[in-house]
1. If you scan segment 1-54, which residues turn out to be open to solvent by less than 30 Å² (accessible area, probe 1.4 Å), part of a loop (DSSP other than H, G, I, E, B) and over 21 Å from Thr68 (Cβ atoms)?
2. Out of (1) assigned to a helix (DSSP H, G or I); (2) touching a residue at least 24 places away in the same chain (Cβ under 8 Å), what's the single condition that is false for Gly62?
3. List every residue pair whose Cβ atoms lie under 6 Å apart, where the two residues are 6 or more positions apart in sequence or sit on different chains, the first residue falls within segment 117-137 and is touching a residue at least 12 places away in the same chain (Cβ under 8 Å), and the second residue, located anywhere, is of a type in the set (Lys, Arg) and open to solvent by 30 Å² or more (accessible area, probe 1.4 Å).
4. Taking the condition of being part of a loop (DSSP other than H, G, I, E, B), surrounded by 16 or more Cβ atoms within 10 Å (Cβ to Cβ) and at pLDDT 95 or above, how many residues in segment 97-126 meet it?
5. Going through segment 25-55 one residue at a time, which ones are small (Gly, Ala, Ser) and touching a helix residue (DSSP H, G or I) at 6+ places or on another chain (Cβ under 6 Å)?
6. Run down Phe66, Phe59 and say which single residue is hydrophobic (A, V, I, L, M, F, W, C), open to solvent by 70 Å² or more (accessible area, probe 1.4 Å) and under 28 Å from Pro7 (Cβ atoms).
7. Counting only residues that are free of Cβ contacts under 8 Å to residues at least 24 places away in the same chain, exposed (fewer than 15 other Cβ atoms within 10 Å of the Cβ) and part of a helix (DSSP H, G or I), how many does segment 138-155 have?
8. Has segment 85-96 got any residue that is on the phi > 0 side of the Ramachandran plot, assigned to a loop (DSSP other than H, G, I, E, B) and not assigned by TED's automatic domain parsing to the domain that holds Glu37?
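The values are calculated or read from the model by the stated rules, or taken from the named source; none is laboratory data. Bear in mind the structure is a predicted one, so any value in this text is a computation, not a measurement. FYI the Cβ positions are ideal-geometry reconstructions off the backbone, even for glycines, and counts take in every protein chain you see. We work out accessible area using only protein heavy atoms, side chains counted, and drop any ligands, DNA or RNA first. Shrake-Rupley method; radii C 1.70, N 1.55, O 1.52, S 1.80 Å.
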Amino acid sequence: MTTPVRPETDRKIDELKAAFPQPGSALLPALHAIQEEKGYISTESMEYVAGKIGVAPAFVAGVVSFYTMFQQKPVGRHHIQLCRTLPCALRGAAAIRDHLVKRLGIGVGETTKDGRFSLIEVECLGTCETAPICQVNDEEHGRLDAARVDALLESLR
């Protein structure tokens, strides 16, 4: 089997498999390990982890496509995930999205030409009390308005 990951990641996946009573239970942490290394999960990586874990590639593809935390193509250094569910929508998420699109010069699902920013819309980020909210990489930013978005973007440049 060709290994599309570094030896350290390969060993980590083996350790994860050994840590669970059912090898398939290691799938999510194994996908996290691959994404941590590569920044996204390619089709080749999905096929690789399916073989390592012992599940069908189609199952892995279904998991990767279901969870918005997994990226299937390279994303920007600052990956902005904007919540679009009802609480955020009621508090202005569409206006925040439009502001981000204008400021970044990209559409939803795109990455800036310099690779610094990417923007997607996601389902609930679980902090409705701070709506509207976005997550940049793994850091949450809530109670957004245009001024806070502008300050956030400046802090990331």
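1. Pro4, Val5 - these are the residues of segment 1-54 that are open to solvent by less than 30 Å² (accessible area, probe 1.4 Å), part of a loop (DSSP other than H, G, I, E, B) and over 21 Å from Thr68 (Cβ atoms).
2. Gly62 satisfies every listed condition except (2).
3. Qualifying pairs under 6 Å: Glu121/Arg84; Thr130/Arg143; Ala131/Arg91; Pro132/Arg91.
4. The number of residues fulfilling the criteria is 1.
5. Within segment 25-55, Ala26, Ala30, Ala33, Ser45, Ala50, Gly54 qualify.
6. Just a single option satisfies the conditions, and that option is Phe59.
7. Looking only at that region, the number is 4.
8. Yes, because at least one residue in segment 85-96 is on the phi > 0 side of the Ramachandran plot, assigned to a loop (DSSP other than H, G, I, E, B) and not assigned by TED's automatic domain parsing to the domain that holds Glu37.
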